Amino acid sequence: MQLEIEREALRRETDAASRERLERLENELADLRAQQANMRKQWESEKGSIDHVRQIKEQIEQTKLAIEQAERAYDLNKAAELKYSKLLELEKKLAAASDAGSRKRRAAPAQGRSAPRRRGRNCGQVDGHTRDPAA
């Protein structure tokens, strides 16, 4: 937003230095927009994975409820079918979806995130802030 305001101000200027700065600014804005698009794509992918896992968990809960109802109604055939067929299949799907989601998160680079820099050896400071040893 700040860069866009600066860009609008520079568009009104006519000198060479302002034109150069405007060009650099537009390149920087284009890079930031591309980075934003990549991050949004990654977020949507992760969100889709999480939604898929949530959906499978809901199906598992519904199946467990159906198993309990079948057992209470002494419909043991249905209870066994649900427990040893459908429930196991859903649990395998859940494990596969969870593994796929965690692999995606590990494979994706942590853009924009970095560990705090430690300054000096055993000085108790992280990025200029002293750390309370009692905490």
Where Tyr74 falls short, out of the listed (1) part of a loop (DSSP other than H, G, I, E, B); (2) in contact (Cβ under 8 Å) with a residue 12 or more places away in the chain = (2)
inquiry  = Among the residues of the stretch 58-109, what is the count of those that are within 18 Å of Glu46 (Cα to Cα), surrounded by 12 or more Cβ atoms within 10 Å (Cβ to Cβ) and basic (Lys, Arg)?
reply    = 3
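Tell me which residues, restricted to the stretch 11-63, are in contact (Cβ under 8 Å) with a residue 24 or more places away in the chain, over 30 Å from Lys86 (Cα atoms) and under 21 Å from the mean Cα position of the chain (by Cα).
Keep residues of the stretch 11-63 that are in contact (Cβ under 8 Å) with a residue 24 or more places away in the chain, which gives 28-29, 32, 35, 38-39, 42, 45-46, 49-50, 52-53, 56-57, 59-60, 63.
Right, trim to over 30 Å from Lys86 (Cα atoms) and you get 28-29, 32, 35, 38-39, 42.
Within the stretch 11-63, Leu32, Gln35, Asn38, Met39, Gln42 meet the criteria.
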task = Among the residues of the stretch 51-68, write down those that are among the hydrophobic types (A, V, I, L, M, F, W, C) and over 14 Å from Lys92 (Cβ atoms).
result = Leu65, Ala66, Ile67
query = Can you name every residue in the stretch 1-48 that is in a helix (DSSP H, G or I), of a type in the set (S, T, N, Q) and over 30 Å from Ser102 (Cβ atoms)?
reply = Gln2, Ser18, Asn27
inquiry  = Quick test of your reading of the structure: Glu8 fulfils all but one of (1) more than 22 Å from Arg106 (Cβ to Cβ); (2) touching a residue at least 60 places away in the same chain (Cβ under 8 Å). Name the failing condition by number.
reply    = (2)
Members of the stretch 73-87 found to be among the charged types (D, E, K, R) and over 16 Å from Gln59 (Cβ atoms), listed by number = Asp75, Lys78
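We did not get these values from a lab; they are worked out from the coordinates using the rules stated. What you see is a predicted model; the values in this text were computed from it and never measured. Neighbour counts run over all protein chains shown; Cβ positions are idealised from the backbone, glycine included.
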